[in-house]
Every structure is written in structure tokens, then in C-alpha cells.
Amino acid sequence: MGRDELLAEVTQRCAENRLVTLVGPGGIGKTSIAVNVAVGLSTGHSDGGWFVDLSQITDGKLVASTVGTALGLRAGEDVASADAVIALLADADLLLVIDNCEHVVVDAADLIEQILRTCPRVRVLATSRERLALPDEVAIVLPTLQSDDAVALLTRRARRGGATTTGEAADEVALCVAVDHLPLGIELVAARLQSMSARDILDQLGAKGVL
């Protein structure tokens, strides 16, 4: 909802640059945008698009093995080695989406830099809560949803989940403000609207000191 222009911008930047990083807080929609862009661009690469999720690791030493496993390297092929990953990608023509780099940003940036330096037909679309600080990195800071788009997403998701009504329009707006117009926050609130009204949720948040 309300992301068409942003998707077009990210797609264009990825087509023109080998490293694009989507930057923003958790829940702003970085992964969703990256996946949508990758689906559109993957057909332009003979080896398609590949997705790597780094969210489950906190040890930077595991970055190479996580990427290697996602690319199909098996145990016994030295998947923990950056050299093995680079050797696999040396002649590849693909778009590599590396998601949630912020947990291991230094090691993720180091591996990405090696890939870009030695694998000329690989492009990288990364997501992170902070920039990778690499040469030629194009960082796109994602905005939160506009108010109208946030409310539209809230009502759409709530009704898809089975809610027959979300309450007063003013309460819908207030709910979106309460979660800072973040898409993930709106999704979570929409799930609650299956059993509660917007006013009831706002009252609960107020009682807990959130509002």
C-alpha cells in the first residue's frame, strides 16, 4: 500500500548499481520491498535471484556459511569459507538479496565487498538498520507509510482477517499513529481487530501507558 513509487525507485537503483542497501528500523518493510524488487529483477539474470536471511545469527563468523548454505553449498564443501562462496559466485550472473545485515554488519559488509570485487556479474540488494559503509553503496532510507496509506493497510488487513468493522475513522488513524505508521505494527494491530475494536485497543494501550 502506497509503495509503488518506492518500489520503482529501488528497482531502478538496483538496475543501475551493484550494491543497494535498504535502510530503516525494524518493521518498516525492508524485507518485503527487497523481495518484491528481486522478483521483478531476477528474470534479468541468467542465474536468477537468491535470498539470504541473516536474522538468526549474531556471530559474524557465520555470515559466510549462512550465505553459502542459501546458495546450495553442502557440508564438506567448506561452507564456512568466504573463499568457497566467492568461488561459487565467480562466474554467476545473479541478484543476491542479503536480509537483516544489522546483526552482523561488519562481517556482512566484508563479505559483500569481496563478492562485488571478485564476482563481476553479481548484484547485491541488502537490508539493514544501518548502512554498510562500503564504496559505491547506494543507501535508500525507507520512509514510514503516509497516514492515508497506513489506514488503508490497516482496514484491508483487518477485513482480510475476518474483521467486519474496525471502528471509528478517528480511532483507525490514532492506531496507526500509535505504531508510528510502521507496516509491521499495522499488521499486528490488524490481527487484534479480529476480536477487538480500534477503540478497545487504544484503551488498552492507554492503560498500559503506551499512549
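The values are calculated or read from the model by the stated rules, or taken from the named source; none is laboratory data. Not measured: the values here are computed from a predicted model. Backbone-built Cβ (ideal geometry, glycine too); neighbour counts: all protein chains shown. Side chains are part of the model used for accessible areas, which takes the heavy atoms of the whole protein and leaves out ligands, DNA and RNA. Shrake-Rupley method; radii C 1.70, N 1.55, O 1.52, S 1.80 Å.
What the table shows:
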item	result
P(r), alpha carbons of region 1-52 - 10 Å bins starting at zero, rounded %	22, 59, 18, 1
0 to 90° range, to nearest 10: angle between helix 4-16 axis and the chain longest Cα axis	10
Relative counts (whole %) of C-alpha pair distances in the chain, using bins that are 10 Å wide	8, 31, 27, 19, 12, 3
Magnitude of the charge dipole, region 81-148, Cβ model with Lys/Arg +1 and Asp/Glu -1, debye to 20	100
Size of region 110-211 as Cα extents on the principal axes (Å, biggest first)	56, 29, 20
Tail weight of P(r) past 20 Å, computed on alpha-carbon pairs of region 15-109, percent	38
Per residue, in Å², the accessible surface of region 96-211 once ligands and nucleic acids are set aside, probe 1.4 Å	51
Neighbourhood net charge (14 Å Cβ-Cβ; Lys/Arg +1, Asp/Glu -1) for residue 152	0
Cα long-axis angle, helix 105-118 against the chain (0 to 90 degrees, to the nearest 10)	50
Environment charge at residue 22 (Cβ cut-off 13 Å; Lys +1, Arg +1, Asp -1, Glu -1)	0
Of all accessible heavy-atom area on region 36-163, the percent that carbon and sulfur account for (1.4 Å)	47
³J(HN,Hα), Karplus 6.51/-1.76/1.60, whole Hz, each residue of region 180-186, x for Gly, Pro	6, 6, 7, x, 5, x, 5
